[in-house]
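Some notes on the structure that comes next.
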Amino acid sequence: MADIANAELKLYHAPRTRSIRVKWLLEEIGLPYSVEDVQFKTRPAGDEAYAKINPLRKVPALTDGDTVVCESLAIMQYILGRYAPDSSLNVRPDEADYGRFLNWLHFGEAGMLMPVSLLMGHTVLLPEDKRSPEMAAWSKVETDKVIAALAEAGIEDREFIAADRFTAADISVVYMLFLLKLIGQFDDLPESVKSYFKRMTERDGWKTATA
């Protein structure tokens, strides 16, 4: 484990973006870090200086000295692996729920990203003349499928998604539920999912990350 005292963690952050995941994780662990705000009102995000950090000019990015990591889940795994492998937010390979933890950690992006992003695009984000009602309908059906999987295999009869405690997997999934709430696609979710979201977002770490 790297020496926390020597950490030089800087999070490049914009409200409502995936950098919330990283900020929430850092707050829960209690690691020292600094925040560099990134312009996000127009795309691409940031400026030419930020392009030297993340050539795609997307958010988030994390620097740790000379190390740069730009994918939100990779950043979370980097922080846990390098600075907090024994944190309760991590699940170790020798724990029974290790596979479950990894599955839901990545489900929050790999499984949920496409349907939720398309639903956002074709209901809210794109100009109205660029939206496709057919694509909106299809993405709603696909979003309902991943939410059903979360309800039935993820949080049914569970307070948390893995290892009987709050972990980075919860952070990963809850962010995508947050996006659905932002675009008005939350109220018809299963009650178990809405209750899960409410429990997770009552945490101080969430409140700080989204302030």
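Numerical summary
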| read-out | value |
| --- | --- |
| Test item: Cα-centred dipole of the stretch 83-204, Lys/Arg +1 and Asp/Glu -1 on Cβ, debye | 260 |
| Per residue accessible area of the chain, 1.4 Å probe, in Å² | 50 |
| Cα principal axis extents for the stretch 75-199, largest first, Å | 51, 31, 21 |
| Linear extension gain, V68 paired with D188, 0.36 nm per residue minus alpha-carbon span | 39.3 nm |
| For E36, distant residues with modelled amide H under 5 Å away | L11, Y12, H13 |
| Stretchable slack from R82 to K130, in nm (0.36 nm times residue separation minus alpha-carbon distance) | 12.9 nm |
| The chain: relative contact order as a whole-number percent, Cα under 8 Å and 6+ apart | 22 |
| Segment L56-S34, length gained on full extension (0.36 nm per residue, minus Cα span) | 5.8 nm |
| Listed residue pairs exceeding 19 Å between alpha carbons, taken from K140/K207; K10/K58; K140/K181; K23/K207; K23/K58; K10/K41 | K140/K207; K10/K41 |
| Packing-based order for 67-73, 172-178, 124-130, 153-159, using average beta carbon neighbours within 10 Å, highest first | 172-178, 67-73, 153-159, 124-130 |
| Under Karplus coefficients 6.51, -1.76 and 1.60, residue-wise ³J(HN,Hα) of the stretch 109-124 in Hz, glycine/proline x | 10, 4, x, 9, 4, 4, x, 5, 5, 5, 5, 4, x, 8, 10, 9 |
| Stokes-Einstein D for the chain, Kirkwood Rh over Cα pairs, 10 °C, 1.306 mPa s (µm²/s) | 89 |
| Accessible carbon and sulfur surface of the stretch 93-179 relative to its total accessible area, %, 1.4 Å | 58 |
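The values are calculated or read from the model by the stated rules, or taken from the named source; none is laboratory data. Since the structure is predicted, the reported quantities are computational estimates derived from the model, not experimental observations. Quick reminder, even Gly has a Cβ in these numbers, built from the backbone with ideal geometry, and neighbours come from all protein chains shown. Note: accessible area is taken over every heavy atom of the protein model, side chains too, but ligands, DNA and RNA are not part of it. Shrake-Rupley method; radii C 1.70, N 1.55, O 1.52, S 1.80 Å.
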